[in-house]
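Notes for the one structure printed next.
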Amino acid sequence: MTVDMESRLAQALRARAVEVEPDARTWELVQSRLRRSRQRRMVLAGAAAVAVVALAAVAVPALLGPGVIQFEPPVADQPGEEDASTGEDTGVVEDPGPGEDAQPEGGAVAVPDLEPCQESVTTAAVISRDGNLWTACANGLVVPLAEGEATDRRPAVSPDGAALVFERTEPGGEFPLLVHRALAGDASDTIRGGGMLPAFAPDGRLAWVQDAGDGTSVIQFGEVFAEPEGEAGVPSPAEDIRSLQWDAGGERLLYTVGGAGGIAVWTYEPAAGHFQVVLSPEAGYVAAAFGPDGTLAALHASGDLDVLDPQVLSGGELLVERTITSGIAPVDAESQPFLAPAGLVRVDVASSSLLAWSHAEEPSWFVGDGAWLYLAEASGATTAVTEGVDGVAVNPAVELGTAAHAGTETGGPEASGEARSEVEARQRELEAVERARAAAEEAAQTALVRGRARTLQEAAARRDTATLRAMMAPDFTYSFGAAADRDDALAHFEADPGLLDQLVDLLGTPHGVIEGAGPALYVWPRAHGLDPTEWTGSELATLRSLGATEAEIEAWQAGEGYTGLRAGMTADGRWRFLVAGD
Amino acid sequence: MRQPTSSPSGPDFADLFAAHRVEAFRLAYLLCGDRDRADDLVADAFVKVYRRWRKGGIDNPRAYLRRTVVNEANSRFRRVALERREAARQWGDDRGVKGPDDQVAESEAVAAALAKLPVRQRSAVVLRYYADLPEREVAEILGVSIGTVKSSVSRALERMRPLLAEGVS
């Protein structure tokens, strides 16, 4: 487009914009929505008599039904619902007021009443978003826990699901407090001296980080609703602690130091009083956490989620066992990424605005890249769940996957004899072993292709034509001009580097696999490897992120098949094609 | 230890609203193409900005507000929930809907062309040519690389060129 056309485009946009003026009632809309938010908090405080029942695992299957949990992000109110206020624009936003946050007698910090999940339904997870806490209920609703002027974050749920601990920073406050709150009942307390980064051990002990007053940090230990075990705490040799977590056995603490510019990972064994640095910032990781099965996962600045060989915890060499996903966006150095085990859940994008958590066979991970929350499944499927989340704590007492399977696998009143049950159990065991073996093989193959895809993506980003050429298969296919051979294709890339930008975006999405009579082909986007009737919301979201219009998507799903930009790679990592159109 | 949080000081929120509401509305209008939706979107954006502003830490309210408006407009949930209803009513789609008249003003042609763009391309064009932001700032707002901004703008202009040529008298 010529410079003249660009100037006229700019002029036309400005001319279009000045044709309209904002509604004079917008200010009322803003105030109305802020007031409604405050009113909801007051109603919740009044409903504190509604108890949250922490259910035993045996009761969970019945309540969870077939096992679909829906996560519904809050949707903003729509015009037309505002109250009848027609007051003049005073230019003042009504102060929501201290509300339930007011200081009671005695000086203790009052804890806002929780917004419980609906009666008889348990809390599946607690989410920290935009300075407020939300509960994700087992029935699928996500409801605010408390909203106020204080900043609440870093939730941690006790192993029995009875207690919630989180950081609270009051307006004007210098340091965060640690707040205990029972998920059932009214007990509440704050930890004397404040603190941050609460972490529950499997036996219910709490560890947290406290400011020693001289710029150093100490690690404190204690029981919920009791005084800290030791006044002095255990001084940490490293400052700027960003995360704290116990291992599955409760014998070792893992904590990270530093931010998205690269973290150091430390361990501390309370019994031995031994500190050790196990990962240095030079490795390029920005978050690390233990999984429920003892795995050690780490998020790389490139967006890869890696499982590390646990020998690194004993001072061994840093080895990546496998890469769970490369589907996370590269982490900005200024962001605050986090990593948290998600348990046995997976995400299906069921419709336009609902995400359904259903049960998985293997543990998944919540990954925050500082902007979006992702759920990374063991299969590598990665779904962007929502934005603005900076912490998630799954309720350890809700064993979703195990409970659901226990409720559906065994026979009912017409159960057969013992011998038949034993055979069936053995069969299931063999099938599980086979699935695990196949999964391991696939994971290894996938890791190879993902590594090659990352190499290709990086070469495209830095316009490294030598590497691009080296990665092209001998029969590389290209449809953006009359490319007779690989050199022709490279010449087109040099003339139109925007195509390489599109390739970078494309390779940043999850891949699919086309399997047929010949060798498997790995393709991007994943939608290209699926029949359009099989596309879920995850594929649709990816296509839209790549620039596909609704009209195009409808045409593809109507029978045309995916004809957008697509790339393919062979199983041994050769770049097979970059095409678009029929 | 991390820096302590503090309450905001300086102009109150009403001043911030008064200073930026028109620009925010016009940006929202160009992004979503509908006045009522733009009003609704801007109100939500100011609510979100207020909550962050109240906690302190917004160094550049204008830039923060602009980013919030773009994010609100491009929010997947809002777009999927609303655009499917609104697109056919407001702009129609590619099949069988009346196009612009021969004598339509250039701004109408631009608006129609804009509406046919994918979300990211539309955002990039509006931020580059209406807000007149450099590519670096556009990349920061959209959360993408500068290269992606370049390619998004380039592809958008390619799509718009024939539509603009038709609409210009």
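Rule-based calculations on the coordinates, nothing more; no lab input. Please read all numbers here as calculations on a predicted model, not as lab measurements. FYI the Cβ positions are ideal-geometry reconstructions off the backbone, even for glycines, and counts take in every protein chain you see.
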Checklist outcome for this item: Residues other than residue B:151 with Cβ under 9 Å of its Cβ, Lys/Arg counted +1 and Asp/Glu -1, net out at 0
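Grab the alpha carbons of region B:15-78, take their convex hull, and tell me the volume per residue in Å³.
Working: hull volume 4.9 nm³, N = 64.
Residue-normalised Cα hull volume stands at 76 Å³.
Quick check on packing: order A:380-389, A:265-274, A:160-169 by the mean number of other C-beta atoms within 10 Å, highest mean leading.
Numbers: A:380-389: 20.3, A:265-274: 14.8, A:160-169: 22.4.
Highest mean packing first, the order is A:160-169, A:380-389, A:265-274.
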